[in-house]
1. In whole percent, and with a 1.4 Å probe on the protein chains, what portion of the accessible area of the range 1-125 is carbon and sulfur?
2. Any number yet on Rg/Rh for the range 24-103, C-alpha, Kirkwood?
3. Accessible area per residue, 1.4 Å probe, Å², for the chain: what's the number?
4. Convex hull over the alpha-carbon atoms of the chain: what's its volume per residue in Å³?
5. I need the phi-derived Karplus couplings for the range 69-85: 6.51 cos²θ - 1.76 cosθ + 1.60, θ = phi - 60°, integer Hz, Gly and Pro marked x.
6. What does the charge count near Cys15 come to, summing +1 for each Lys or Arg and -1 for each Asp or Glu among other residues with Cβ under 12 Å from its Cβ?
7. Under a point-charge model restricted to the Cβ atoms of Lys and Arg (+1) and Asp and Glu (-1), what is the dipole moment magnitude of the range 30-89 relative to its Cα centre, in debye to the nearest 20?
8. How much accessible surface does Met111 have with a 1.4 Å probe, in Å² rounded to 10?
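The values are calculated or read from the model by the stated rules, or taken from the named source; none is laboratory data. This structure is a prediction, so every number in the text was calculated from the model and none was measured. Virtual Cβ from ideal backbone geometry, glycine too; neighbours counted across all protein chains shown. Calculation scope for accessible area: heavy atoms of the full protein, side chains included, ligands and nucleic acids excluded. Shrake-Rupley method; radii C 1.70, N 1.55, O 1.52, S 1.80 Å.
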Amino acid sequence: MPRIEISIPEQSLACLENGREIRRYAVSASRNGAGEQQGSFCTPRGEHIVRAKIGAGQPLNTVFVRRRPTGEIWTSELAERFPGRDWILTRILWLSGCDLRKNRMGDVDTMRRYIYIHGSPDAVEMGKPGSIGCIRMRNQDIVELFELVPPGTEVSIAA
């Protein structure tokens, strides 16, 4: 089974198969840095799994709200109409923490914080912090990763 390793300092995501890196992507983690606390808008550290894969078969730039496609396709015109919106596009890998009381359960629960690996508008810069906790990826990259990893894939996030 593949494994995902995310480096917050490097703003990168590596997909490994049998311990060998098969893909590497530039990503954008939280602009607030690393942290697990509910409401911190930080990217949680530690061991996680992909709990759910959402968006299979949806077109590129499909807009999601509460993990459901809205029927919208992201465009710069749509972005101008909703300037403060946190755009979750194309595919979602919903993460669940594995470390009890570090990123699982209580007020540090990654899944209850709705932390995803997801697509973003092409204008979003990768390789530097910018999200409100999630791991943002380019749309083509999240489609590729989505096809490579099954539910249950281990995800390690290091700071």
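1. Roughly 49 percent of what the probe reaches on the range 1-125 is carbon or sulfur.
2. My calculation puts Rg/Rh at 1.00.
3. Heavy-atom SASA per residue in the chain reads 49 Å².
4. 98 Å³
5. x, 8, x, 8, 10, 4, 9, 5, 5, 4, 4, 5, 6, 10, x, x, 6
6. Taking every other residue near Cys15 into account, the sum is -3.
7. 200 debye
8. 50 Å²
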